[in-house]
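The values are calculated or read from the model by the stated rules, or taken from the named source; none is laboratory data. Computed from a prediction, not measured in an experiment: that's the story for all the values here. Counting neighbours? That spans all protein chains shown, and the Cβs are built from the backbone with ideal geometry, glycine included. These area figures cover heavy atoms from the full protein model, side chains too; ligands, DNA and RNA do not enter into them. Shrake-Rupley method; radii C 1.70, N 1.55, O 1.52, S 1.80 Å.
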Amino acid sequence: MTNPSAKYDAEGTGGIINIVRKKNSKSGLNGSLTESIGQGHFSRYNNSLVLNYKTNKYNLYLNNSYGYSKGFSVNDVTSDIMNGSALSTEQVSTNTGVTINKAYNSSAGLDLYLSKKNNIDIDGQPLRPGI
């Protein structure tokens with residue numbers, strides 16, 4: 001809006017941007033599947049699935065994702081122990097390690113459309129004891 005009404009502050013030379021967002025009104029089933037793979041010393045991957053089913057009375061959705069990565073590290077450590085100004089002991093050690101990371105996430109929800117301006121949203125994640 002290059003010439004806004006008096007309710008907006010008159011300072012400045014910039015304009016006001018009026019962004020109007022629309023709700024997606026299309027009904028039916030839609031979704032997406034995403035895969036990614038990487039290679040370092042070991043391979044790693046991530047995948048996700050998103051499904052959505054919408055009608056004019058409700059919207060049902062489901063999100064799932066899983067990721068796996070394995071890492072490798074080598075650490076060389078040298079420690080000099082001094083006795084005054086003379087070197088008393090030198091310790092050299094090499095440590096190698098492998099780490100594994102797994103991540104699983106899921107959620108689901110339901111939007112119930114009561115009217116054009118009112119709806120009820122129910123969503124959550126399943127309980128996963130021990131993770």
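Okay, residues lined up against (1) modelled with pLDDT under 90; (2) in contact with a strand residue (DSSP E or B) (Cβ under 7 Å, 6 or more places away or on another chain); (3) surrounded by fewer than 11 Cβ atoms within 10 Å (Cβ to Cβ):
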position	(1), (2), (3)
LEU60	no, yes, no
SER65	no, yes, no
PHE72	yes, yes, no
GLN91	yes, yes, yes
ILE100	no, yes, yes
TYR104	no, yes, no
GLY109	no, yes, no
LEU112	no, yes, no
| field | Residues within region 1-50 that are modelled with pLDDT of 90 or more and more than 28 Å from LYS102 (Cα to Cα), tallied | value | 2
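Test VAL77 against the criterion of being open to solvent by less than 80 Å² (accessible area, probe 1.4 Å) and β-branched (Val, Ile, Thr), and give yes or no. First the steps, then the outcome.
Details: open to solvent by less than 80 Å² (accessible area, probe 1.4 Å): yes; β-branched (Val, Ile, Thr): yes.
So VAL77 fits the description; yes.
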| note | All conditions in (1) farther than 28 Å from ILE122 by Cα; (2) in contact with a Leu (Cβ under 8 Å, 6 or more places away or on another chain) are true of ASN64 except (1)
| said: If a residue must be charged (D, E, K, R) and either more than 27 Å from GLY31 (Cβ to Cβ) or touching a residue at least 24 places away in the same chain (Cβ under 8 Å) (or both), how many such residues does region 96-122 contain? | reply: 3
| message | Can you tell me how many residues within region 34-58 are surrounded by 14 or more Cβ atoms within 10 Å (Cβ to Cβ) and assigned to a strand (DSSP E or B)? | response | 10
